[in-house]
Structures are given as C-alpha cells and as structure tokens.
Amino acid sequence: MEPAAGAGKTIAVGVTGGSGAILARRVLELLIGAGCRIHLARSRAGRMVVHDELPSPDGSDGLTGGLRTDALREWGERDFHAPFASGSHPIDGMVIVPCSMTTLGAIAHGISDNLIRRGADVMLKERRPLILVPRETPLSSIHLRNMLEVSQAGALIIPPVLTFYQHPGSDVSAQLDFIASRILDHLAIPNDLFRRWGEI
C-alpha cells in the first residue's frame, strides 16, 4: 500500500476571525487525509466564526467534528507550550485559514501576542513555509501594505479567489477544492483536487 502523500509532515493550522471556516474545515480534512500531523490553534474570533458558519445540530465542533483525532492536536490561543511556538521544533509549514486583517497586520509588524501570530513569526524567522489565506474585500491601502510586508518577509498569500476555467458552475465545493489545492501545492503535498491547466 502506497503511503499517503503527506505522510510524516507536520503542519500547523491557524484559524482566525475572517469569514471562511468552511475552507479551514476542508483544508484540515485534506491534510489529515494526506497523512499529515496537525497542530491546530484558533483565535477567540476564529471560534466565533466557526460557531456562526459551521453550526452543528448535535453540539459537536463544526470545525473538527468527525476528523481523525489521533492526527490532530488543538492548542489554546495563548498556550506557548505548543511545539510550533519555537523554531527548535521541526514543523514543515503553517497555514492560517482564514486569516483576518488583524492577524495579518500583527504578523506584518512582528507582534506575537498569541500562539497563531507567534507560530507565523517562527515560520518567517526559520524560513519555513507560511501561507496566509486573507478574507477581506475590498482591500484598503493598509491591507495591501501589510500583505506586501509579509510577502517580502517570506510568507505566501493565497486569497480565496474564485476559479472559472475549471467550469465549476454554482458548485461551492469545487471552489473550496480549488483554493485548498493551491494551499496543499505550496506545502508540497501532491493532490488531484482539480484539473490542472493544460489538462483541460
């Protein structure tokens, strides 16, 4: 049996207050399905968004309910004992999905006042993959300057931009998979979530 594409990789996932909890859920599903180990952290606003956007009739967690718990460990927003809070721990990459403008601004200015922001700071200083999935529109000049700052520092920005050449029609799941695939690509996790350009 072939090993999963991401077997052995350890990925930190941050969930903040920007809208898009459904995309965070899909990324977690795919990372776990690829054989990755996940360190998860949510901001207080991120928890509120999950509660509002992924309601669960049975009271289970809309973000992690039903996922393999042996592959995922969640840390408190200010628990700096998490492995990815230190550059001495080998983490293969981090994605913040969704990434609020508050979190983006803090990262751009080196503010590490919670675990997600500290994790991002570690990724940048250690030159490890950091992917930010910002959810805001329209973007102000301040947002754009902060994006330029984090990009120049080494982060990759993957806004959840719609795909059209894939002909998704009104299928939201196809749009989610398109963005999730771009995230996995930049974490070096092979996937075939959509047809690549040239394959159509």
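Derivation of every value follows stated rules applied to the coordinates shown; laboratory data play no part. Everything numeric in this text was worked out from a predicted model, so none of it was measured. Heads up, the Cβs are rebuilt from the backbone with ideal geometry, glycines too, and the neighbour counts pull from every protein chain shown.
Structure above, values below:
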| quantity | calculated |
| --- | --- |
| Pairwise centroid distance, computed over Cα atoms, of segment 151-200 with segment 90-111, Å | 19 Å |
| Dipole of the chain [Lys/Arg +1, Asp/Glu -1 at C-beta], most positive-end residue of Val50, Gln166, Ser112 | Ser112 |
| Neighbour-limited loop hits for chymotrypsin sites (Phe, Trp or Tyr not before Pro), segment 113-183 (at most 16 other Cβ within 10 Å; DSSP other than H, G, I, E, B) | Phe164, Tyr165 |
| Computed magnitude of the charge dipole of segment 1-110 (debye, nearest 20; Cβ of K, R +1, Cβ of D, E -1) | 180 debye |
| Compactness relative to 2.2 N^0.38 Å, alpha carbon Rg of segment 133-180 | 1.38 |
| Size of charge dipole - segment 10-186 - debye, nearest 20, with Cβ of Lys, Arg +1 and Asp, Glu -1, no other charges | 380 debye |
| Two-decimal Rg to Rh for segment 1-113 - Kirkwood Rh, Cα set | 0.97 |
| Mean Cα-pair separation over length for segment 139-193, i.e. relative contact order, pairs under 8 Å, 6 or more apart, % | 23 percent |
| Pairwise FRET efficiency - Thr137 versus Arg78, Cβ, R0 = 41 Å, nearest 0.05 | 0.85 |
| Helical contribution to [θ] at 222 nm, DSSP H n ≥ 4, -39,500 (n - 2.57), averaged over the chain, rounded to 500 | -11000 deg cm²/dmol |
| Computed label-point distance, nm, for sites Asp192 and Arg127 using a 7 Å Cα→Cβ extension | 3.5 nm |
| Residues with amide H under 5 Å from that of Glu74, placed H, sequence gap 5 or more | Leu40 |
| Neighbour-count ranking [beta-carbon atoms within 10 angstrom, fewest first] of Trp75, Trp197 | Trp197, Trp75 |
| Segments 137-143, 21-27, 108-114 sorted - mean Cβ within 10 Å per residue, highest first | 21-27, 108-114, 137-143 |
| Span per principal axis, largest first, for the Cα atoms of the chain (Å) | 43, 41, 36 |
| Ranked Leu30, Leu184, criterion: other C-beta atoms within 10 Å, fewest first | Leu30, Leu184 |
| Sequence of Val133, Val150, Val15, Val172 once ranked by neighbouring C-beta atoms within 10 Å, starting from the fewest | Val172, Val150, Val133, Val15 |
